[in-house]
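Participant: Before anything else, here's the structure in question.
What follows is calculated from the coordinates using simple rules that are stated; it is not laboratory data. Quick caveat: nothing in here was measured; it's all calculated off a predicted structure. Ideal geometry is used to build each Cβ from the backbone, glycine not excepted, and the neighbour counts take in all protein chains shown.
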Amino acid sequence: MKSLKEKVAIVTGASSGIGRATAQLFAKEGAVVAVAARREKELNILVESIEREGGHALAICGDVSEESFAQRLVEETMEQFGQLDIAFNNAGVLGAMGPVTDMSKTDWDQVIETNLTSAFMAAKYQVPAMLSSGAGSLIFTSSFVGYTAGMPGMAAYAASKAGLIGLTKVLASEYGSQNIRVNSLLPGGTDTAAAEEFANTPEALEFVANLHAMKRIATPEEIAQSALYLASEASSFTTGSAFLVDGGVSINRA
């Protein structure tokens, strides 16, 4: 039996990487999926792919750092499908890297707004929609960076991702009694375009792989499976968690 049958899900950052793989998996598991990102062409290709496989999806193009888009994303989903059960708020950026003393406020603000403030705005509109549906699973993509590790040159990214965990805990406390579960997903190194910004040579890729206990990085499809767990009733008693899916990077010392 499909684990998300008759569910409606929002997936942001869906044009590539973890978001794309998760949208495809949610659809395969029976959910109707509203996919969101800034790149319209890639979203339309994703929708076509999902529908070829017998699923149903809606592309909604926009920037998650804008409150008007956070509101429109929920409104269009509700108008089209009548409910909202799952939201995977996955969109994010790595941002400018370097020492704090060299970072401009503009670069700092861009990362915080895209990764953290967007999550606040998403929850502001997604939670009421889930309450009207009677229950929901809200998921944010955080990171082990800023949680179990401090990586040099990644201050804004780490702060934004750590902030998501704090937001997760508060939302889980506020809405747990109303059947809203809220969790953060913390991937390790994953084979995405964003990861290539951090490690773009064979030597760098090998270094990153060796940071993990499993001596490799994940595929987006592996991370999508954990997002599915948090979205589905398999995790019915899981809320407020920082859910590590990191190939052992947080515990590896060799």
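Participant: Net charge near PHE26: determine it from the other residues with C-beta under 13 Å of the C-beta of PHE26, scoring Lys and Arg +1 and Asp and Glu -1.
Facilitator: Every neighbour counted, the sum reads 0.
Participant: Over segment 36-161, what relative contact order in percent results from Cα pairs under 8 Å that are six or more residues apart?
Facilitator: Rounded, it is 27 percent for segment 36-161.
Participant: Please compute the net charge surrounding LEU171, taking Lys and Arg as +1 and Asp and Glu as -1 over other residues with Cβ under 13 Å from its Cβ. All intermediate terms of the calculation are to be shown ahead of the outcome.
Facilitator: Details: positive: LYS124, LYS169, ARG181; negative: GLU174.
Summing Lys and Arg as +1 and Asp and Glu as -1 gives +2.
Participant: Return the aspartates and glutamates within reach of LYS2: Cα separation strictly under 13 angstrom, same-chain partners fewer than 8 residues apart disregarded; answer none if there are no such residues.
Facilitator: Counting by Cα, and skipping residues close in sequence, LYS2 has these aspartates and glutamates nearby: GLU29, GLU233.
Participant: Test of understanding: what is the full-extension gain from GLU79 to ARG39, defined as 0.36 nm times their sequence separation minus their Cα-Cα distance?
Facilitator: 12.2 nm
Participant: Taking the Cα-to-Cβ direction at PHE120 and at MET151 and moving 7 Å from each Cα, how far apart do the two end points lie in nm?
Facilitator: 2.5 nm
Participant: Ok, one more. Under the Karplus relation 6.51 cos²θ - 1.76 cosθ + 1.60, θ = phi - 60°, what is the ordered set of whole-Hz ³J(HN,Hα) values for segment 96-109, x standing for Gly and Pro?
Facilitator: 5, 10, x, x, 3, 5, 9, 7, 7, 5, 4, 5, 4, 4
Participant: Then there is this: Would you list which lysines come within 16 Å of LYS124, measuring only between C-alpha atoms, while excluding same-chain residues fewer than 8 positions from it?
Facilitator: Filter leaves LYS169.
Participant: Right, something else. What is the angle, in °, between the Cα long axis of helix 17-28 and the longest principal axis of the Cα atoms in the chain? Nearest 10 is fine, range 0 to 90.
Facilitator: For 17-28 against the chain, the angle is about 30 degrees.
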